[in-house]
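Step one of this worksheet: look at the structure below.
The values are calculated or read from the model by the stated rules, or taken from the named source; none is laboratory data. Note that the structure is predicted; figures quoted are calculated from it, not measured. Note: ideal-geometry Cβ built from the backbone for every residue, glycine included; neighbour counts use all protein chains shown. Areas reflect the complete protein model, heavy atoms only, side chains present, ligands, DNA and RNA absent. Shrake-Rupley method; radii C 1.70, N 1.55, O 1.52, S 1.80 Å.
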Amino acid sequence: MTGGSGQAGRVNARHNGGSGISRLALCLEADTWGPQHSHSGRKKPQAPNRTKTLSFSSGAATARMAATAAALRCCFPGSSGVGSGFVKAKSSRRGWCAAAVAAPSREAEPVSSLGHRTRVDFPILHQEFDGAKLVYFDNGATSQKPYSVMRTLDEYYRSYNSNVHRGIHALSAKATQAYEDARRKVANFVNAADSREIIFTRNATEAINLVAYSWGLSNLKEGDEIVLTVAEHHSAIVPWQFVSQKTGATLKYVGLTKENAPDIEQLKRLLSNKTKIVVVHHVANVLGSMLPIEEIVTWSNRVGAKVLVDACQSVPHMPVDVQKLGADFLVASSHKMCGPTGVGFLHGKFEILSSMEPFLGGGEMIADVFQDKSTYAEPPSRFEAGTPAIGEAIGLGAAIDYLSCIGMEQIHEYEKELGTYLYESLLSVPNVQIYGPAPSQTVHRAPLCSFNIENVHPTDIAEILDLQHGVAIRSGHHCAQILHRTLGITASARASLHFYNTKDEVDTFIDALKATIDFLTSKY
């Protein structure tokens, strides 16, 4: 489904005020979601009906979830046994598959898998659309939120909503403490040397713009070079286009290898004394490939270049240690890591942040204001002008608590197995092309697959999957038009997973995809 398609208008949510999910051990005290019995039977694919009916899980299913949640209390065992039943990568084949490859064995998934153990904490996942259970495979765009995050937001607005840093009354003091605690949680989560290195922003896009304007405009000039890859998100490209137009600096792009991964050898060759900053992703949002950031930082430092890392697709899925990576700047978004929308963060080395001019002017970022000039606060306040997204930042802190309770290493290992299963399962679909390198013992691939089916438009696939099967994936260029042009396509479909997804859902998706293709290619 593409933006502006009116999807929200096609979904009619029906809540009957029952007491099912609200009794989960981890739910909000004021939760009002209730069960609704689903329609029975599955419909034969037919022309899309522009209205969908949404319902919540049955009382029996809710009772099972409640029992599981009560036993869990967000305390998960170690990684032992997680994902042990998943199929490992066997094929490196890419391109069009005229004949389908045999699908991975569909042995019963252990009920103790991380996906089964955590999905009880996410109320949005327990819905049905015309009898089809929701399968949410659009996590690359945004993740879902656990009860604990929603409860934290609710508590803030109910109990201590107040502005931060500027008040001496009890509400302001409590809000300030929670807001700064969230900053410390982010710092600990990515192993920052100092919490003052964490700047709260609206999102990763704003964080990149902050660096582009505050650092870029002051440090770049005509003849300087900015190195990027063709696989970057628009948010990592457009701000540097603005800066290059203002300063005369030149953009240099790294292409792809024959395996559809950014060409690291070409990147090394592009680096020179003219290179002032390298802007790269950690994990590609379309290709699923992962870059060797530590090596890129080492090569860049040799020529005196700074490095900015877009970690939006890595921070939610794997341990990220900014001191180990060594990059000068790293950005991520809350909403992709089970936190609220409207907040993200920039990590920057403190000595660099201290040398940078403010991005925006206003309250909070100043030291003193005179009629003709102002002096500026030290980071992070220097870059957080005005009232920040207080509740959202506190909610991000709650999301980090939740992820940390599970353990990022456990999440990473589970998602590697699940992502491999998704890739291998997609290879069983006739006439499929999957973009990006194949997973292997030496090649790590993120738990997402962007793909096309020969002679079928990806938006048609996404539309029918949604309307007829309750499967949510994304279609379009995924804010990566340069990459799609490089691949020789205009759009692709993307299925992207998170730790609360399961092997069973992958099987459901593959069955629905095959039925969708049959529907779209049938001749009547």
Residue within the range 516-524 that is touching a Ser or Thr at 6+ places or on another chain (Cβ under 8 Å), touching a residue at least 12 places away in the same chain (Cβ under 8 Å) and on the phi < 0 side of the Ramachandran plot present: no
Test for Glu351: is it in the same structural domain as Val322 (by the TED database), in a helix (DSSP H, G or I) and open to solvent by 20 Å² or more (accessible area, probe 1.4 Å): yes
In the range 111-146, residue nearest to His233 (Cα to Cα) [restricted to those that are open to solvent by 40 Å² or more (accessible area, probe 1.4 Å) and assigned to a helix (DSSP H, G or I)]: Ile124
From Val149, Val164, residue being in a helix (DSSP H, G or I), open to solvent by less than 50 Å² (accessible area, probe 1.4 Å) and either of a type in the set (Gly, Ala, Ser) or at pLDDT 50 or above (or both): Val149
Residue in the range 263-281 that is at pLDDT 95 or above, in the same structural domain as Ala207 (by the TED database) and within 30 Å of Ile406 (Cα to Cα) present: yes
Test: residue in the range 360-376 that is touching a residue at least 40 places away in the same chain (Cβ under 8 Å) and assigned to a helix (DSSP H, G or I): no
The listed residue being over 20 Å from the mean Cα position of the chain (by Cα) and in the same structural domain as Arg445 (by the TED database), out of Asp194, Asp154, Asp130: Asp130
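Here is a yes/no grid of residues against (1) in a loop (DSSP other than H, G, I, E, B); (2) assigned by the TED database to the domain that holds Pro239; (3) modelled with pLDDT under 95; (4) closer than 23 Å to Ala204 by Cα:
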position	(1), (2), (3), (4)
Gly397	no, yes, no, yes
Glu413	no, no, no, no
Leu418	no, no, no, no
Ser475	no, no, no, yes
Qualifying residue in the range 317-340 (condition: free of Cβ contacts under 8 Å to residues at least 12 places away in the same chain, over 22 Å from Tyr500 (Cβ atoms), assigned by the TED database to the domain that holds Leu270 and of a type outside the set (S, T, N, Q)): no
Residue in the range 461-507 that is most open to solvent (accessible area, probe 1.4 Å), counting only those that are touching a Gly at 6+ places or on another chain (Cβ under 8 Å) and more than 28 Å from His412 (Cβ to Cβ): Thr486
Every residue from the range 249-277 that is open to solvent by less than 70 Å² (accessible area, probe 1.4 Å) and part of a loop (DSSP other than H, G, I, E, B): Ala249, Gly255, Thr257, Glu259, Asn260, Ala261, Asp263, Leu271, Ser272
Residue in the range 295-314 that is part of a helix (DSSP H, G or I), open to solvent by 10 Å² or more (accessible area, probe 1.4 Å) and in contact with a Ser or Thr (Cβ under 6 Å, 6 or more places away or on another chain) present: no
Single condition Ser440 does not satisfy, out of (1) in contact with a strand residue (DSSP E or B) (Cβ under 9 Å, 6 or more places away or on another chain); (2) open to solvent by 10 Å² or more (accessible area, probe 1.4 Å); (3) not in a helix (DSSP H, G or I): (1)
Any hit, the range 213-227, residues being touching a residue at least 60 places away in the same chain (Cβ under 8 Å), open to solvent by 40 Å² or more (accessible area, probe 1.4 Å), in contact with a Gly (Cβ under 6 Å, 6 or more places away or on another chain) and closer than 27 Å to Lys336 by Cα: no
Flag for Asn285 being part of a loop (DSSP other than H, G, I, E, B) and open to solvent by less than 30 Å² (accessible area, probe 1.4 Å): yes
